[in-house]
Amino acid sequence: MKEKDGISECPEQQVILYVEKEDGKYEAMQTGSYISANYLDDYFLKRGNLEKALGEKINRGEINAIEYYMILEDLTLSELAARAGIMKWIVRRHLKPGNFSKISESAIKKYSVVFNITADEILKRQSGKGN
């Protein structure tokens, strides 16, 4: 990449690129992140729309909070089971909306660690009081 092609205005997030200078040598150059400057707003808009749609599904009883966070974190059933240390068939059972109240407190805590949130946030999301 030529030096002039690497320039991007994004003071919030800086990156280091190795670019070809006019003299033909490659050197490091600090510049703004092209992706952050051009696509980050779109990402947050889509993420917000996804959170809203999934929240509505919880309210209609189509999914529960565990599946909500699993989808947001883009995890498969196998990944969630492995990361939480819960057998896959049990996680599958936990994902059924009607079974949320049967999930043990210790399992909720394991899920919260995987999702990097508190157990209370999972419970609030399930009750419809989450953000």
For the pair K96 and N59, how long in nm is the line joining their label points, each one 7 Å along Cα→Cβ? 2.6 nm
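Can you tell me the dipole magnitude for the chain around its Cα centre, using point charges on the Cβ only (Lys, Arg +1; Asp, Glu -1), in Debye to the nearest 20?
1180 debye
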How high is the relative contact order of the chain, given as a whole-number percent (alpha carbon pairs under 8 Å, six or more residues apart)? 17 percent
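When N counts the residues of the chain, how does its alpha-carbon radius of gyration compare numerically with 2.2 N^0.38 Å, as a ratio?
The value comes to 1.51.
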Can you give me the C-alpha center-to-center distance between the stretch 1-80 and the stretch 81-123, rounded to a whole angstrom? 27 Å
Rounded to whole Å, sorted largest first: equivalent-ellipsoid semi-axes of the stretch 36-96, Cα gyration tensor: 26, 16, 5
For the stretch 1-76, with only Lys/Arg (+1) and Asp/Glu (-1) charged at the beta-carbon, what is the dipole magnitude about the Cα centre, in debye rounded to 20? 220 debye
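Once the Cα gyration tensor of the stretch 1-73 is found, what semi-axes does its equivalent ellipsoid get, as square roots of 5 times the eigenvalues, in whole Å, sorted largest first?
After scaling each eigenvalue by five and taking roots: 42, 11, 8 Å.
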Dividing the alpha-carbon radius of gyration of the stretch 19-61 by 2.2 N^0.38 Å, where N counts its residues, gives 2.18
In deg cm²/dmol, rounded to 500, what helix-only [θ] at 222 nm does the chain give when every DSSP H run of at least 4 residues adds -39500 (n - 2.57) and the total is split over its residues? -16000 deg cm²/dmol
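All of the numbers you see were taken from the coordinates with simple rules; none came from a lab. Since we're looking at a predicted model, the values are computed, not measured. In this analysis, Cβ positions are derived from the backbone assuming ideal geometry, glycine residues included, and neighbour counts consider all displayed protein chains.
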